[in-house]
Amino acid sequence: MSNEEAHANLVVPAFKTEKVAKTQTQNSQGTVWRFSGTDKAAKASTLTLRGVIYMLFDNCSRDVKKTVLPLGHGDPSVYPCFRTCIEAEDAVVNVLRSGKGNSYAPGAGILPARRAVAEYLNGDLPNKLTADDILLTAGCNQGVEIVFESLARPNANILLPRPVFPNYDARAAYSGLEVRKFDLLPEKEWEIDLQGIEAIADENTVAIVVINPNNPCGNVYSHHHLQKVAETARKLGIMVITDEVYNQTIFGDNPLVPMAKFASIVPVLTLGGISKGWVVPGWKIGWIALNDPEGVFASTNVAQSIRQNLEITPDPSTIIQAALPEILEKTDKSFFAKKNKILKHNVDLVCHWLKDIPCVTCPKKPESCTYLLTKLELSLLEDIKDDTDFCVKLAREENLVFLPGEALGLKNWMRITIGVDAHMLEDALERLKGFCIRHAKKTYIN
């Protein structure tokens with residue numbers, strides 16, 4: 001099987017030369033075309049991961065005689081060991097055969113699915129959600145898009161963590177929201193720099209984004225820390241947008257504390273979905289949960305704006321919406337335990353290999369998500385300028401693609417995807433070790 005076939009659903013280089021059409025505005029008969037593409041998305045598109053990944057794949061070569069290992073972006077679903085559970089598959093098949101998912105759905109989503117999400121999220125929340133507090137989206141990314149569009153107004157700014165999943169930067173740029181970055185502190189297990197938040201916020205700040213469990217750092221925040229975040233947001237008069245899409249992908253000792261527990265302190269807008277927990281990103285089903293016992297989202301028209309934006313955007317598949325209650329209610333917890341056990345094994349595998357690769361270190365072993373952040377000790381290497389240069393040369397010499405930290409806002413770091421088969425990870429680490437040995441600085445003893 002070729003590399004392209006083995007990873008048919010992943011972005012991998014095809015090593016083909018494509019013909020590029022000439023750009024013209026006038027044909028041979030002299031017609032002047034009065035249309036052209038807009039550049040509204042030009043800036044936003046450069047902020048996504050895809051541009052970086054494409055660039056790295058362009059540096060891979062058939063001449064290297066090694067299969068391309070795409071560990072720069074994550075989609076565990078393409079690997080058999082991460083296949084979703086039978087309960088989820090049966091739920092979709094049942095709806096498909098019943099014919100109950102063939103119709104249009106309301107903009108906010110069908111009632112049984114919204115009710116099921118509310119029950120799924122409620123747990124031990126002090127302020128319970130109802131179906132009216134849930135809005136369904138075509139995945140968590142569309143949730144980000146809808147929320148940012150709903151908050152965008154002249155001069156508004158939003159606080160994003162550094163490092164961050166770059167889709168947040170892209171959506172903010174497209175919506176016209178100014179981005180202000182606060183740091184996550186590696187020396188404090190990637191906690192949020194609360195003093196930094198207060199330093200960058202002003203009267204035009206509308207929200208702070210908290211990703212928990214954190215992508216890409218892999219940490220899970222404590223109850224005490226999240227309460228401090230809520231109190232800081234209330235002091236500033238801003239909402240908290242919390243991305244909890246990795247809530248079922250935790251393999252460390254720290255349990256998830258939903259940000260919604262602090263909704264009595266500050267209004268909390270929770271983004272989530274089944275893409276990561278159930279390993280089905282292609283199903284495109286997510287949600288926005290309005291945790292707001294004081295009614296702030298209603299009085300400020302945020303809830304209304306979100307619903308209006310949902311009315312003019314594509315709906316998630318009605319089939320998946322109709323299957324969602326059964327997926328959420330019937331999935332056995334052993335499925336998550338098995339998946340997370342594989343991820344923990346892969347984390348341990350990487351950390352074991354890194355002991356013999358001094359120029360690549362992992363200061364904080366992740367306890368969630370499907371990535372591992374490493375710091376590059378470039379002083380130990382020759383002819384490597386920065387993290388992007390490191391990853392470009394790694395792709396060029398080894399057909400191995402890791403993500404440079406600069407793409408996440410963290411210079412001279414690197415992200416390794418762990419949501420792959422273990423044997424693939426071992427191959428990648430062996431290539432990484434060989435690359436670092438070749439580029440290590442030579443020491444001479446007189």
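A few notes on this one:
- The requirement of being surrounded by 24 or more Cβ atoms within 10 Å (Cβ to Cβ), within 24 Å of N346 (Cα to Cα) and assigned by TED's automatic domain parsing to the domain that holds D356 is fulfilled nowhere in segment 374-382; no residue meets it.
- Failed condition for G74, given (1) within 30 Å of V257 (Cα to Cα); (2) at pLDDT 95 or above; (3) surrounded by 13 or more Cβ atoms within 10 Å (Cβ to Cβ): (2)
- Residues satisfying the stated conditions in segment 337-389, i.e. of a type in the set (S, T, N, Q), within 22 Å of the chain's Cα centre (by Cα) and not in a loop (DSSP other than H, G, I, E, B): N340, N346, S368, T374, T388
- Scan segment 208-237 for residues that are in contact with a helix residue (DSSP H, G or I) (Cβ under 9 Å, 6 or more places away or on another chain) and either outside the structural domain of D124 (by TED's automatic domain parsing) or in contact (Cβ under 8 Å) with a residue 60 or more places away in the chain (or both) and the total you get is 3.
- Looking only at residues in segment 282-303 that are assigned to a loop (DSSP other than H, G, I, E, B) and in contact (Cβ under 8 Å) with a residue 60 or more places away in the chain, the one that is farthest from D90 (Cα to Cα) is P293.
- Failed item in (1) in contact with a strand residue (DSSP E or B) (Cβ under 9 Å, 6 or more places away or on another chain); (2) aliphatic (A, V, I, L, M); (3) within 20 Å of E426 (Cα to Cα), with V52 passing the rest: (3)
For (1) out of contact with any Asp or Glu (no Cβ under 7 Å at 6 or more places or on another chain); (2) small (G, A, S); (3) under 30 Å from K333 (Cα atoms), each residue gets a yes or a no:
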site: P186; (1), (2), (3): yes, no, no
site: W190; (1), (2), (3): yes, no, yes
site: N219; (1), (2), (3): no, no, yes
site: H224; (1), (2), (3): yes, no, yes
site: F262; (1), (2), (3): yes, no, yes
site: I265; (1), (2), (3): no, no, no
site: L269; (1), (2), (3): yes, no, yes
site: L290; (1), (2), (3): no, no, yes
site: S305; (1), (2), (3): yes, yes, no
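- Helices (runs of 4 or more DSSP H) (entirely within segment 92-200) containing at least 2 residues that are in contact (Cβ under 8 Å) with a residue 60 or more places away in the chain and either β-branched (V, I, T) or surrounded by fewer than 20 Cβ atoms within 10 Å (Cβ to Cβ) (or both): 111-122, 140-151, 167-175
- Within the span defined as segment 215-225, one or more residues are buried (at least 23 other Cβ atoms within 10 Å of the Cβ), assigned to a loop (DSSP other than H, G, I, E, B) and small (G, A, S).
- Qualifying positions in segment 412-445 - of a type in the set (V, I, T) and within 25 Å of the chain's Cα centre (by Cα): I416, T417, I418, V420
- Residue within segment 247-267 that is outside any loop (DSSP other than H, G, I, E, B), aromatic (F, W, Y), at pLDDT 95 or above and in the same structural domain as C140 (by TED's automatic domain parsing) present: yes
- Candidates are the residues of segment 287-325 that are touching a helix residue (DSSP H, G or I) at 6+ places or on another chain (Cβ under 9 Å) and among the β-branched types (V, I, T); the one that is farthest from E87 (Cα to Cα) is V296.
- Scanning segment 150-163 for residues that are out of contact with any Lys or Arg (no Cβ under 8 Å at 6 or more places or on another chain) and of a type outside the set (S, T, N, Q) yields L151, A152, R153, P154, A156, P163.
- Screening D253 on (1) in contact (Cβ under 8 Å) with a residue 40 or more places away in the chain; (2) within 19 Å of the chain's Cα centre (by Cα) shows it passes everything except condition (2).
- Residue match in segment 185-196 (condition: closer than 26 Å to T46 by Cβ, among the aliphatic types (A, V, I, L, M) and touching a strand residue (DSSP E or B) at 6+ places or on another chain (Cβ under 7 Å)): no
- Qualifying residue in segment 390-405 (condition: part of a helix (DSSP H, G or I), acidic (D, E) and buried (at least 24 other Cβ atoms within 10 Å of the Cβ)): no
- Qualifying residue in segment 411-421 (condition: farther than 25 Å from K339 by Cβ and either at pLDDT below 95 or small (G, A, S) (or both)): no
- Pairs with Cβ under 8 Å, 6+ apart, first in segment 33-52 and within 13 Å of L408 (Cα to Cα) and in the same structural domain as L403 (by TED's automatic domain parsing), second surrounded by 10 or more Cβ atoms within 10 Å (Cβ to Cβ) and of a type in the set (S, T, Y): G51/S45
- Filtered residue count, segment 269-281, keeping only those that are more than 22 Å from G107 (Cβ to Cβ) and outside any loop (DSSP other than H, G, I, E, B): 1
The values are calculated or read from the model by the stated rules, or taken from the named source; none is laboratory data. Since the structure is predicted, the reported quantities are computational estimates derived from the model, not experimental observations. A quick note on method: Cβ atoms are made from the backbone with ideal geometry, for glycine too, and the neighbour counts reach across all protein chains shown.
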